[in-house]
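Student: Before I ask anything, here is the structure I am working with.
The values are calculated or read from the model by the stated rules, or taken from the named source; none is laboratory data. Note that the structure is a prediction, hence the values are computed from the model and not measured. Positions of Cβ are backbone-derived with ideal geometry, glycine not excepted, and every protein chain shown enters the neighbour counts. Just so you know, the surface numbers come from the protein's heavy atoms only, side chains and all, with ligands and any DNA or RNA stripped out. Shrake-Rupley method; radii C 1.70, N 1.55, O 1.52, S 1.80 Å.
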Amino acid sequence: MTRHVLIAGGGIAGCAAAVALQHAGITSTIVEQRPLKTKDSGAFLRLNPNGLDALSAVDALAPVMQASFPLHSKQRWAPDGQELAVVSLSDPDHHRGLDARFILWACLRQALLTLAIDRGARYIAGIRVTGADSDSCGIRAKLSDGRHLDGTVLVGADGTNSAVRTIIDPSAPRPQFCNSRTIYGNTPHPAQLLPPATETLRSYQGPSGFLAYTTTTCGTTYWFTNLKKSQPLPSTEPGTEHWQRQLLPLLKHDKNPTVPLVERASTIFAADDSALPWLPRWHADHAVVIGDAAHVAPPASEQGASLAIEDAVVLAQCLRDQPVTSALQQFVLRRRERSETIIAAATGQPPPSWDPTAIYKHHIRWGQNVAHDN
């Protein structure tokens with residue numbers, strides 16, 4: 001029986017795991033190297049219907065809905081103003097009504113963290129898990145400050161550079177740099193510069209690439225683009241002015257109407273794109289990885305956060321219903337094929353049966369015991 005779970009990492013996957021475990025009646029402790037309150041980088045994401053469904057399964061949907069905005073469609077436009085394509089982001093399962101949502105990474109993490117703490121999870125900030133020893137009864141996590149924590153299971157929700165991944169398998173592969181990076185920016189109140197894209201993601205496509213943006217109800221426009229690069233970012237990330245110098249010549253050459261978004265941006269930052277399409281071992285006797293620690297989906301998947309939340313909820317369900325060993329095995333059986341299929345499609349290798357709509361329809365039956373749901 002699972003008594004207490006240690007969670008390495010207090011990002012989206014880790015906080016979602018704590019929420020789901022508390023909902024399953026299992027206590028948890030989150031260990032996060034960042035302080036409790038961190039500076040918002042400005043990163044944002046889209047939560048798809050399948051991620052919202054997972055939140056709904058553990059009564060965690062309401063605070064996320066309050067912190068997010070609806071996205072009903074994706075639109076692709078040519079620089080001359082010709083509409084090229086429109087893709088609906090509505091829930092393909094119309095009975096749920098879970099249309100996609102736009103949310104800042106920091107807002108999603110804070111909503112889940114607040115809910116986890118309110119439900120009784122413990123949060124330890126400013127340290128990280130560096131090692132672990134296990135026996136037949138549980139696991140002892142080693143912390144960076146020299147302390148130890150004991151639990152029944154250690155969950156590695158510690159991201160792309162996961163320590164728990166290498167604790168489970170010292171020879172585990174690392175995420176692969178995709179030779180590209182995503183540039184994120186936000187521009188306050190640009191309504192006079194170009195048409196606002198409220199409740200939609202509008203993308204202008206030119207010879208040098210694209211720039212996509214959405215406008216929140218408060219008037220701020222959030223945008224992103226992608227650059228092909230042969231080398232990862234340096235350890236000291238360039239600032240907003242650097243990215244303006246990089247982007248503006250490309251966009252102006254395309255006569256892209258989104259140029260003012262870059263010129264007047266208040267914040268621009270970048271993140272390297274990476275992928276971990278396959279991990280040989282997801283778990284050991286009392287340790288398991290979820291989210292980016294188990295499978296890194298590149299931004300093109302538009303599913304990274306949703307997959308992490310699904311992982312968290314399914315893991316809690318398995319630990320609720322089965323002994324640790326079989327619970328971790330069942331978790332991997334339920335999650336591996338789905339995540340690998342989505343990442344394969346995002347890296348240009350979709351299986352013949354690939355159907356994005358079916359991916360969005362994914363539903364977690366929380367009330368059903370996993371031992372009887374095969």
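Student: Probe of 1.4 angstrom, ligands and nucleic acids ignored: what's the accessible area per residue over region 1-94, in square angstrom?
Tutor: Value returned for region 1-94: 41 Å² of accessible area per residue.
Student: A further question on this structure: Gap in Å between the Cα centre of region 341-367 and the Cα centre of region 99-173?
Tutor: Between the Cα centre of region 99-173 and that of region 341-367, the gap is 26 Å.
Student: Taking every pair of distinct Cα atoms and averaging 1/r, then inverting, what Kirkwood hydrodynamic radius in Å comes out for region 240-374?
Tutor: One decimal place: 17.5 Å for the Kirkwood radius.
Student: What percentage of the solvent-accessible surface of region 172-229, computed with a 1.4 Å probe over protein heavy atoms, is contributed by carbon and sulfur atoms?
Tutor: That share works out to 52 percent.
Student: Against the 2.2 N^0.38 Å scaling, with N counting residues, where does region 332-374 land? I'd like the Cα-based Rg ratio to two decimal places.
Tutor: 1.36
Student: Assuming a ≥ b ≥ c are the square roots of the Cα gyration tensor eigenvalues, decide whether region 36-108 counts as rounded (a/c under 1.5), prolate (otherwise, with a/b larger than b/c) or oblate.
Tutor: oblate
Student: Run the count for the chain, please: Lys pairs, Cα-Cα under 23 angstrom, 8 or more apart or on different chains.
Tutor: 7
Student: Could I ask something else about it? With a Förster radius of 22 Å, plug the Cβ-Cβ distance of A371 and T325 into 1/(1 + (r/R0)^6) and report the FRET value to the nearest 0.05.
Tutor: On the way: r = 13 Å, r/R0 = 0.61.
So the FRET efficiency works out to roughly 0.95.
Student: On the protein heavy atoms, probe 1.4 angstrom, tell me the percent of accessible surface of region 1-153 carried by carbon and sulfur.
Tutor: Accessible surface attributable to carbon and sulfur in region 1-153 totals 51 percent.
Student: Taking only Cα atoms and a 10 Å spring cutoff, compute GNM fluctuations for the chain and point out the largest among S144, S353, S28.
Tutor: Looking only at S144, S353, S28, the biggest GNM fluctuation is shown by S353.
Student: Calculate how large, on average over all directions, the projected area of the Cα convex hull of region 1-145 is; give the answer in nm² to one decimal.
Tutor: On the way: hull surface 46.9 nm².
Convex hull of Cα atoms, orientation-averaged projection: 11.7 nm².
Student: Also, I was wondering about something else. Which of H242, H363, H286 moves the most in a Gaussian network model of the chain with Cα springs under 10 Å?
Tutor: H242
Student: Stokes-Einstein D for the chain at 20 °C, 1.002 mPa s, Kirkwood Rh over Cα pairs, in µm²/s?
Tutor: Once the numbers are plugged in, D ends up at 100 µm²/s.
Student: Efficiency by 1/(1 + (r/R0)^6): what FRET value for C218 and S73, r their Cβ-Cβ distance, R0 = 25 Å, to the nearest 0.05?
Tutor: In this case the efficiency is close to 0.75.
Student: Still on this model: For T27, which sequence-distant residues (separation of 5 or more, or a different chain) have an amide H within less than 5 Å of its own amide H, given hydrogens modelled in the peptide plane?
Tutor: V5
Student: Turning to a different aspect of this structure: Could you pull out every residue, at least 5 positions away or on a different chain, whose amide H is within less than 5 Å of the one on A132? Hs are placed 1.01 Å off N in the peptide plane, and Pro or chain starts have none.
Tutor: So A132 has HN proximity to K142.
Student: List the DSSP H helices in the chain whose Cα atoms stretch 24 Å or more along the helix axis and whose mean Kyte-Doolittle hydropathy is at least -1.0.
Tutor: Helices passing the filter in the chain: 304-321, 324-346.
Student: Karplus couplings for region 281-297 from phi (6.51 cos²θ - 1.76 cosθ + 1.60, θ = phi - 60°), rounded to Hz, Gly and Pro as x?
Tutor: Along region 281-297, the couplings run 10, 9, 8, 10, 4, 9, 9, 8, 10, 9, x, 5, 5, 9, 7, 9, 9 Hz.
Student: Just check region 75-114 against the gyration tensor rule for me: Cα atoms, a ≥ b ≥ c as the square roots of the eigenvalues, rounded for a/c under 1.5, and otherwise prolate or oblate depending on whether a/b exceeds b/c.
Tutor: oblate
Student: Next up: Within region 11-71, which trypsin sites (Lys or Arg not before Pro) sit in a loop by DSSP and count at most 14 neighbouring Cβ atoms inside 10 Å?
Tutor: For trypsin sites (Lys or Arg not before Pro) across region 11-71 that sit outside H, G, I, E and B with at most 14 neighbouring Cβ atoms in 10 Å, the list reads K37, K39.
Student: While we're looking at this one, here's another question. If N is the number of residues in region 285-333, what value comes out of its Cα radius of gyration divided by 2.2 N^0.38 Å?
Tutor: Cα-based Rg divided by the globular estimate yields 1.20.
Student: With a 1.4 Å probe and all protein chains in place, put C107, C318 in order of accessible area, largest first.
Tutor: In descending accessible area the options line up as C107, C318.
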